[in-house]
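Bear in mind these aren't lab numbers, they're just calculated from the coordinates by the rules spelled out. The model shown is predicted, which means the values in this text are computed figures rather than measured ones. All Cβ positions, even for glycine, are placed from backbone atoms using ideal geometry, and neighbour counts span all protein chains on display.
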Amino acid sequence: MSSELPKRRFFSRLVQNWVSLVGAILVVSSWFSFFLLLTLDFFAPNKNPYLGILTYLVAPLFFLLGLVLMGLGGLLQRRQNTRAAAGAPPTRFTIDVSRSRDRRLLLGFALGGAVFLLLTSVGSYQTYHVTESVQFCGQACHTPMKPQFVAYQNSPHARVECTQCHIGPGARRFVKAKYNGIHQLFAALSGDFKRPIHKTEKIQINQQTCEQCHWPKRFVGNLDRTYSHFLADETNTPFAVRLLLKVGGADPTHGPVGGIHWHMNVANRIEYIATDEQRQVIPWVRLTDTSGVVTEFRTANFKDDPAKHAIRTMDCLDCHNRPAHHFRAPNDAVDLALAAGRIDPAIPLVKSNVVAALTGVYSTEADALQKIASVLNAKYPNQPKTAALIDEVQRLYQANFFPEMKADWRAYPDNLGHKEWPGCFRCHDGLHKASDGKTKIQASDCNSCHIILAQGSGEQLEKLNPKGYSFFHIDAINEDFSCNNCHTGAFPKE
C-alpha cells in the first residue's frame, strides 16, 4: 500500500501554515476593501478622482502582498517537508480543537481576522473622505498644486470642494478622472510635471458644472463696481474708478437680450478655434443666432479649413477662466492692501517700492522673502512702520507668487475683462471679418460693456488727468478722449 497522502487541492496547499493564512486574510481584506470603495464611489453624490488611487492601486497592492505571503508560506512548508527525516511522513498543518492550545490559537486568529476586517472597512471609509477633502487635493499629495491651493483659499469658491468642480458628468469623465488621479500620484512622486501646471483636457470643467449653482437664464442687468487705485507717485495719490458693468442676460423671457451675457449659449451659439494651448489666439469664430443664421468670421492670416482644427463651443469658462485660482497682478495686490489699510499710504513712494519688490527675480520663496525684507529695510531704515510693511508685502508675495512652480499672474491668462490679458479683445479686435469682407466682429468700445467714471478730489484728478477731462459719463467727454487715457487694454509683458 502506498504511503503517499492524497493530493490536496491547490488552495488547501497554500494555507497549510500560519504565514499562508495571514496572506489569505490580506487577500480577503483587500477584496473586501476594493468592493467597498467601488460601492462608495459608485453611489457617492460627488465623484472623487483620487479614490481611484485607493480602489485601483492600493487595494490591489495589498491583494498581491497577500498572494506573495500565501506563496511564501507554501514554499516554507515544502522546504520543511523536504528536510523531514527520510521515510517520515510530511508535516501537516492541522488544527485539533480538542487541544486547548489549538483552540486558543484558532480563537485568537479568528478575532484578529475579524478586527482586521473591521479596521479595513472603517479605514477605507475614512480614507475615502480624506481623499475628497480640500486639504488632500491641495496639500497631502499635491505639493505641485500649492499655487492653485493658495489661490483657491482666497477665491469666491473657497467653500466649494475641489471635486465638485473638477469632475464632469458622465461615465467618460468619471473614467478620465480615475486615470488622471493615478497619473498625478506617479507624477508627484517622480517630479515629472510641468512648471507651471496648466489645465488639461483630462479633467475639464465645463458649463454644466457651473450650472449646478449658477442659473444660466438669470437676468443680471447692470452691476455697479468701484475699484480703488493709487498712483505710483511720492504721496501714493488715491483715486477710484467706478464701472457700471452691463452684464445683461441672454434669455428673452427674463429680460432684454444684451450686455456681456449676450454671449451665453442660451440665445446664441458661438464656436471658435484657438491655435494655442491657453486659448489666447482665436483666428476663427462662428456665430449661430436665434433664427439659425450662421456667420463665420476669421482673421486675414487664417487660411485653413476649420474642419482640420478642434472647434470649441464657447461656455462660461471662456471668460470666467480663473473662477477659483486667481493670481493678483502686483499693482492690483498693492492697491487692495493700500485701500484696506494693510499698507499705510502715508509712507512715501510705498506703491512703487512695493511693486518693485514683488516683481523682482527670485529663485525660491525663501529667497524672495529674504530679499524683499532687505530691499524694504534699505528703503525705509529705522522706521516704526517698516516691520509691518515687510510682513504684509511678504504675505502678498506668498499669496500670489510661487517661483518654484513658476506660477504667478503672468503664467495664467485671466479673460474676465482686458486689464492684464487681451480677454475680450481676443475676438473683439476689429480684425475678424466675414466672407463678404465687410461684416466683422465689432471692435468693442468702452461703452459696449460698461460705463466708466472716476472719483477723487480736484487735485487727485488733476494728477490722474492733466488734460482736465471731466471724468463723468464717457459720452459727455470730448471726442479726443478715450478710455486708454487712463486704462490700457492690456497685454502681459515678459
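Annotations
- Remark: spin-label model distance R312-Q370 equals 4.1 nm, labels positioned 7 Å along the Cα→Cβ axis.
- By the count of other C-beta atoms within 10 Å, a proxy for reagent exposure, W409, W262 are ordered fewest to most as W262, W409.
- Cβ-defined net charge surrounding T288, 11 Å radius [Lys, Arg +1; Asp, Glu -1]: -1
- Whole-Hz Karplus values for the range 324-332 come out as 10, 9, 9, 9, 6, 5, x, 4, 5 Hz, taken residue by residue from phi with 6.51 cos²θ - 1.76 cosθ + 1.60 and θ = phi - 60°; glycine and proline positions read x.
- Once the chain from D436 to Q280 is taken as fully extended at 0.36 nm per residue, the excess over their C-alpha distance is 53.6 nm.
- Each of the peptides 431-439, 66-74 was scored by the mean count of other Cβ atoms within 10 Å over its residues; in descending order, highest first, they stand as 66-74, 431-439.
- A straight chain from N377 to S98 at 0.36 nm per residue would run longer than the Cα-Cα distance by 92.0 nm.
- Look at where the Cα atoms of the range 369-394 and of the range 286-342 average out, and the two centres are 38 Å apart.
- Extension gain for Q398 to S228 (0.36 nm times residue separation, less C-alpha to C-alpha distance): 59.0 nm.
- Zone residues, the range 19-33, relative to L105, backbone N less than 14 Å from point 7 Å out along Cα-to-Cβ: 19-22
- Just so you know, the averaged projected area of the alpha carbon convex hull for the range 326-432 sits at 7.8 nm².
- 3J(HN,Hα) along the range 371-384: 6, 4, 4, 5, 4, 6, 5, 6, 6, 10, x, 6, 10, x Hz, from the Karplus curve 6.51 cos²θ - 1.76 cosθ + 1.60 with θ = phi - 60°, whole Hz, x for Gly and Pro.
- Charge tally in the Cβ shell below 12 Å around L431, where Lys, Arg are +1 and Asp, Glu are -1, L431 excluded: +3
- A simple rule links phi to the HN-Hα coupling: the Karplus curve 6.51 cos²θ - 1.76 cosθ + 1.60 with θ = phi - 60°, which for the range 302-319 gives 9, 10, 6, 6, x, 5, 7, 10, 6, 9, 10, 8, 4, 9, 4, 6, 6, 10 Hz, with x for Gly and Pro.
- In the range 230-327, the trypsin sites (Lys or Arg not before Pro) that fall in loop regions by DSSP, at most 14 other Cβ within 10 Å: K303
- Point-charge dipole on Cβ atoms (K/R +1, D/E -1) for the range 330-405, about Cα centre, debye to 20: 240
- Each peptide among 333-345, 206-218 gets the average number of other Cβ atoms lying within 10 Å of its residues, and from highest to lowest they stand as 333-345, 206-218.
- Nonlocal amide H pairs with K419, under 5 Å, H built at 1.01 Å: none
- Local electrostatic count at N265 - Lys and Arg +1, Asp and Glu -1, tallied over other residues with Cβ under 13 Å: -2
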